[in-house]
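Below is one structure; the comments refer to it alone.
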Amino acid sequence: MLEPQSTLFFLLLMVAFGALILWLAVAKQVVFRVLAACLAFIPAMVFGIAAVNKYYDYYQTWGALFSDLSGQAGQSVPQLSAAGLAAGRANSLRSAIGDSSDAALDAQLGLLFQEKVTGPLSHITRRVYIYLPPQYFSKAYANYRFPAIELLHGSPGEPQTWINVMDVIPIYQHLLAAHRADPAVLVMPDTEGGLQYSLQCLNDPHGLQDMTFVGKDVPNWVAANLRVQKPGSTWGIGGYSEGGFCAANIGLQYATRFGFVGSLSGYFVPSTISRVPLNGKPGGRPHDTDVFMSGGRLNRNLLLVNTPDQYILRVPIGVVVPQFFLAAGIEDQADVQAAEYFRQLLLTRLADVPLMIVKGGGHQATVWRAALGPMLSWMTVQQAQLIQHLAQVAADERAAARAAAHHPRPKVTVPAAPPGTVRTKSPAVPLPTALPAAGVRRRGNPAGGARLWA
């Protein structure tokens, strides 16, 4: 197959380049030599781009490349309105989709759609892709509120990268069919606002509140408009590369809103330079800035809480730290060492932290695809178990309340004393001030005093 990463494609580029160089060498006229040199530049440039694409294992098919670069991937995904989803039922969902969906296919394959979400807290409006699993349309799950997993892309990247490059839907469908994962709603927000930005999901004190949008506004919208659990211990968040940092950072800072975190080749110390829109306006000219600087001085507290390597040791006692899943490619030792070090820090608060080292790759999509399935299995199975446990606890509490209402506890009455009787309290018995000498042996204590031995 003549795909972007195929050996045949690279051979054809080399042949084309060689033929043009030969033409350049044998051409007599200057005009043909200039033409050959200009044309030779094209296969050389394409070869370089293809080599980078093959190294990062990004686009595997021409269709994925064309749809991503042309923007057709987003256009082909149906867009719904919040009003059509407000009832939170499969029937209202299908009516909102209209002709773009098929009920039988929904129940077999699930449904992917996109929505523009405006955050009331962050005042940011961006696209969010959402995948509903087949079980969402099953009668057996009609009254079930699903767990959710928020998936964060890297930089540069877009939410549809999870679909075109990461193949998250077929991977997840395979896991569900093999009973290696439980159903959950996948939420894929735009964390940047454009390919030209690198916001690192941070709240800029003087600009965009990106973390608030990703960690609060998006989960709140999903829970309000879909049959999904409220943000809390049954929610998960995960990502790759910059998205892996975002997931770890948001998971620790919003620990009450997420119970599970997955970081694939993520880093745990933020870059001091973020590329943000000029003047904090969405769509503005890209501008490099240090969001941790304020008035020419470093805001050390802001940097600390946004550095997972440091903040994990300062998460307040009593705050439940989310469960973590880590992964890295063995050929990128920086990623491996960062994951191993962060895992050791996490083990001060968590009993177990799985770390998956993927062979045959480094900081690239082939590693993230290999780790995506195990992360989804690890996360969704625990989410389903937690929902079942919470439902059982709630049922037991309701049963106890009903039993208490129907069978009130009898009051204990103290019989009245005979006439003429005076009640008195028993006198307190004083404790002995010293142990009796009999039955006690004393052994000398080098530190002074005596140690008692029975």
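Readers should treat all values here as calculations from the given coordinates under stated rules, not as data from a laboratory. As the structure is a prediction and not an experimental result, all values here were calculated from the model. Cβ sites come from the backbone with ideal geometry, for glycine too, and all protein chains shown count toward neighbours.
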Discussion item. I need a count of the residues in segment 129-166 that are acidic (Asp, Glu) and assigned to a loop (DSSP other than H, G, I, E, B).
Written reply: 1
Worksheet item: Which of the residues spanning segment 242-270 are within 20 Å of residue 162 (Cβ to Cβ) and either surrounded by fewer than 23 Cβ atoms within 10 Å (Cβ to Cβ) or among the hydrophobic types (A, V, I, L, M, F, W, C) (or both)?
Response: 245, 246, 247, 248, 250, 258, 260, 261, 264, 267
Fill in: Pairs where the first residue, in segment 273-287, is on the phi < 0 side of the Ramachandran plot and the second is of a type in the set (Val, Ile, Thr), C-beta under 7 Å, 6+ apart
274/289; 274/291; 276/289; 282/124; 287/276
Worksheet item: Which members of segment 188-226 meet the condition of being farther than 28 Å from residue 278 by Cα and touching a strand residue (DSSP E or B) at 6+ places or on another chain (Cβ under 7 Å)?
Response: 222, 226
Worksheet, complete the sentence: Given (1) among the aliphatic types (A, V, I, L, M); (2) closer than 19 Å to residue 154 by Cα; (3) touching a helix residue (DSSP H, G or I) at 6+ places or on another chain (Cβ under 8 Å), residue 273 misses just (3)
Item to complete: Look at segment 168-202 and say how many of its residues are in a strand (DSSP E or B) and either crowded, with 24+ Cβ neighbours inside 10 Å or without any contact (Cβ under 8 Å) to a residue 60 or more places away in the chain (or both).
Response: 5
Worksheet item: Could you list, in sequence order, the residues of segment 119-146 that are under 13 Å from residue 193 (Cβ atoms), of a type outside the set (A, V, I, L, M, F, W, C) and either in contact with a strand residue (DSSP E or B) (Cβ under 7 Å, 6 or more places away or on another chain) or loosely packed, with under 14 Cβ neighbours inside 10 Å (or both)?
Response: 122, 123, 125, 126, 127
Worksheet item: Among the residues of segment 302-322, how many are of a type in the set (D, E, K, R), surrounded by 13 or more Cβ atoms within 10 Å (Cβ to Cβ) and over 19 Å from the mean Cα position of the chain (by Cα)?
Response: 0
